[in-house]
Amino acid sequence: MADFSPAKLQLVKAIPVGRGWFYEPKLDGYRGLLARLSSGYVRLTSRNGKDLTRWFPEMVRVAESLPLGTVIDGEVVKPIENGVNFSELQSRLTVSLRDRARVAAASPVALVAFDVLVDRGEDATRLTLT
């Protein structure tokens, strides 16, 4: 499977307008890729390529439900009643290996998917965004 990286934010003085522009919100989460490789192996990686899979075991279950050979670009967030909570999400990186499954079950994170980069092993990045 080809290497991909999540879309990077770009700081601009004014938001571009006109035909063909689409926007994705910044949600105070971890931007990354959720993949289920053709081998069945699942992985969640940060925008910098750091493996986050072990800290978010509930994302493994999500990835296992995807077709083989799928890569999704999205943002892992910790939903709360009025939005998302970055500090609670960040605290997951300090949870011991022994406690990760318990914490994930008690306070799960979610993935906000922005793009499908690979669909069943086929590069989807050249498809029209609709």
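What follows is calculated from the coordinates using simple rules that are stated; it is not laboratory data. The structure displayed is predicted, hence computed values, not measured ones. All Cβ positions, glycine included, derive from the backbone under ideal geometry; neighbour counts span all protein chains shown.
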Alpha carbon Rg of the chain, scaled by the compact-globule rule 2.2 N^0.38 Å
1.11
Straight-line reach from residue 13: which lysines have Cα under 18 Å away, leaving out those fewer than 8 places along the same chain?
26
Could you compute the net charge surrounding residue 86? Neighbours are other residues with a C-beta less than 14 Å from the C-beta of residue 86; K and R count +1, D and E count -1.
+1
